[in-house]
Amino acid sequence: MVMLPVLPLIEGESTVSWCSRLGPFHAGLSGPDFLKLMQISRQSVVDTTDDCIGRLADLTGIAADRIRASGVQRVGEARFKHRDEVFGMRFALRTHTTFCPACLLDDADPSGPSAGRRVGRIGWMFSPVRTCPRHGLVLHRRPNRGFHEQFQDMTLVAPDDAALQKLAGNAPSANTSGLQSYVERRFDGVSGPDWLDTQDVDQATKACEMLGACLVFGAHTNLDTLSLRDWSEAGSAGFEAVRDGVDGLRKALEEISRVSFRQISKGGPQAALGRMYQWLQFKKSKTDPGPIRDVVREFVLDTMPVDPGSTLFGTPVETRRRHSLASLSRSTGVHQATLRRALKLTDVSDVSTHGTDLMFS
Ligand SMILES: [Zn+2]
């Protein structure tokens, strides 16, 4: 049985939003009441289960693939899928309510595509999507008040129009970050840059954001205090840095270290790379950071003295690539002052400084 007339999904609309519009459109019921009547659980819509898609396709006449492409499927323990991309829960962001207040106010136009009903956009659900390209505003994002808000029906989770007006008026303006645009293109099947494409979309996102946060706000910035707009800026900077792959990434790491050592006179990789180092060295989650780990590890071993036998980013260091005066003094028993004099007399080809520490291969 197909309910007529057909109610199509609006471009960019989430499956949850569309389901929430079916009830008022076909039966004069609220979205949740209509789903209950049809014996479709809200959770099955949130998870875009195959059963739910099949049932909705039969009822609405909309192709199953079209419905699936507008939702986020659960594909395993804390793993999710949208179109051809698989990612973890920090990227899928089911813990938050997100919307553009200006978009929801526009939706209220009775002659608009949703005939006056609010439309939730699927893109709002992904963590690196933080701005509305249409209105040039930072999205409104807040923690959910309970599990039930995973069902992002904008009629239920967003405030009334008067409150939306205030939110829209107070929303900072922002350009869409390069990272956000990349993620949106990737969902549409557009490829490049290569280095990012070789990793999962959430790994690519985190790599850009951590790198960008250290580039823009310094390696020792307090990540917990960065705003959505700050993270958007970080995403752009990180994305620009890794467009050229490993070479661009190493240049960015050099820049981060240089700035750190202007503020902190000496120290090891943690002093140089701050949050970046802590993320990879003391990882609290089991999430694999992806290829950035090996690039940063190589950079550290190439440019800083790291003792053999120590563990760097989960892997033991087998051989030393760089000495500091202190480490060479320790391993040779020769006093540092003597070594410093000897260095001046000897042609050591690769000497560099990190803060006040002299290092060489
Ligand atoms: Zn908007």
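Computed from the coordinates by the stated procedures, all read-outs in this text should not be read as laboratory data. Because the structure is a prediction, the values reported are computed rather than measured. Here Cβ is always computed from backbone atoms with ideal geometry, including for glycine, and neighbour counts include all displayed protein chains.
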Problem set entry | Cβ-isolated cysteines (cut-off 4.7 Å), the chain | Cys19, Cys52, Cys208, Cys214
Problem set entry | Long-range amide H partners of His96 with built H, under 5 Å | Asn144
Problem set entry | Cα long-axis angle, helix 269-281 against the chain (0 to 90 degrees, to the nearest 10) | 40 degrees
Exercise. Taking Cα atoms, how many degrees apart are the long axis of helix 336-345 and the longest axis of the chain, rounded to 10 and kept between 0 and 90?
Worked result: 80 degrees
Seminar exercise, completed: Surpassing 27 Å at the alpha-carbon level, of the pairs Lys81/Lys206; Lys166/Lys284; Lys81/Lys284; Lys81/Lys286, are Lys166/Lys284
Exercise. Which residues' amide hydrogens lie under 5 Å from the amide hydrogen of Leu312, considering only partners 5 or more residues apart or on another chain, with H built in the peptide plane?
Worked result: Val317
For this session: Mind listing the long-range amide H neighbours of Val86? Cut-off is under 5 Å, sequence gap 5 or more, other chains count too, H placed in the peptide plane at 1.01 Å from N.
Result: Val201
Problem set entry | the stretch 191-316: radius of gyration and largest Cα-Cα distance (Dmax), Å | 13.8, 42
Problem set entry | Inverse mean reciprocal Cα-Cα distance (Kirkwood Rh) of the chain, Å | 23.1 Å
Exercise. Using the Karplus equation 6.51 cos²θ - 1.76 cosθ + 1.60 (θ = phi - 60°), what ³J(HN,Hα) coupling, rounded to whole Hz, does each residue of the stretch 3-16 give in order, writing x for Gly and Pro?
Worked result: 7, 10, x, 5, 9, x, 6, 8, 3, x, 6, 7, 4, 4
For this session: Starting at the first residue of the stretch 291-296, write each ³J(HN,Hα) from the Karplus equation 6.51 cos²θ - 1.76 cosθ + 1.60 with θ = phi - 60°, in whole Hz, x for Gly and Pro.
Result: x, 4, 4, 5, 5, 5
For this session: Stick to Cα atoms and the Kirkwood definition of Rh, then tell me Rg/Rh for the stretch 80-233.
Result: 0.97
Seminar exercise, completed: Note on the chain: contact order normalised by length, alpha-carbon pairs under 8 Å, 6 or more apart, percent, works out to 11 percent
